[in-house]
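Everything on this sheet refers to the single structure shown next.
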Amino acid sequence: MAASSGSAARVPSGGDPFEALGDPNRRAIVELLVPGGRSVQEIADALPISRPAVSRHLRLLKQAGLVREEPVGTRRIYRLHDEGIEAVRAYLERVWGDVATRFSLLASNTAPPPVPPPGRRT
């Protein structure tokens, strides 16, 4: 589902992705999942938090539509949920994209202030 024209990104599960991403451990989990899926244990091994804490963070990320789980044998593999990540990206692009373009244009067209020659005070 794409982001709506409202004030927040709309994701499949209805959770707030920005609230979910407000925690540094959850952002670290998202970053760990960029290359591909991982089990809870693999995520816990890469972070300084317990396996139960990782499971709680994954549950919140899943509710926010940012990750999905896939049963593989007796394990569950967590992956980024493309649709949820795309909704966040689209929202940020819609809200900040034009601002970034205007800032870049302003920065590239603004000359630095003149530097006085050595020994002269302004």
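The values are calculated or read from the model by the stated rules, or taken from the named source; none is laboratory data. Only a predicted model underlies this, so the values are computations on that prediction, with no experimental measurement involved. For neighbour counting, all protein chains shown are included, and Cβ atoms are generated from backbone atoms with ideal geometry for every residue, glycine included.
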query = When the residues of the stretch 38-65 are filtered to those that are small (Gly, Ala, Ser) and free of Cβ contacts under 8 Å to residues at least 24 places away in the same chain, which remaining residue is surrounded by the most Cβ atoms within 10 Å (Cβ to Cβ)?
reply = Ala44
ask   = Tally time: how many residues in the stretch 20-58 are small (Gly, Ala, Ser) and within 13 Å of Leu80 (Cα to Cα)?
value = 4
request  = Among the numbered conditions (1) under 18 Å from the mean Cα position of the chain (by Cα); (2) of a type outside the set (Val, Ile, Thr); (3) part of a helix (DSSP H, G or I); (4) under 19 Å from Asp16 (Cα atoms), tell me where Gly97 comes up short.
outcome  = (4)
request  = Would you please list the contacts, defined by Cβ atoms under 6 Å and residues six or more apart or on different chains, that run from a residue in the stretch 101-122 that is part of a loop (DSSP other than H, G, I, E, B) to a residue that is at pLDDT below 80 and polar (S, T, N, Q)?
outcome  = Pro116/Thr122
query = For Val95, all conditions in the list (1) exposed (fewer than 11 other Cβ atoms within 10 Å of the Cβ); (2) under 22 Å from Gly15 (Cα atoms) hold save one; what is the number of the exception?
reply = (1)
inquiry  = For the stretch 22-43, give me each residue that is at pLDDT 95 or above, under 11 Å from the mean Cα position of the chain (by Cα), part of a loop (DSSP other than H, G, I, E, B) and not β-branched (Val, Ile, Thr).
reply    = Asp23
request  = Name every residue in the stretch 66-92 that is surrounded by fewer than 19 Cβ atoms within 10 Å (Cβ to Cβ) and among the small types (Gly, Ala, Ser), in order of residue number.
outcome  = Gly73, Ala90
key: Test: Pro114 is out of contact with any His (no Cβ under 8 Å at 6 or more places or on another chain), surrounded by fewer than 17 Cβ atoms within 10 Å (Cβ to Cβ) and under 25 Å from Asn25 (Cα atoms)   = no
query = over 14 Å from the mean Cα position of the chain (by Cα) and at positive phi, is that true of Gly65?
reply = no
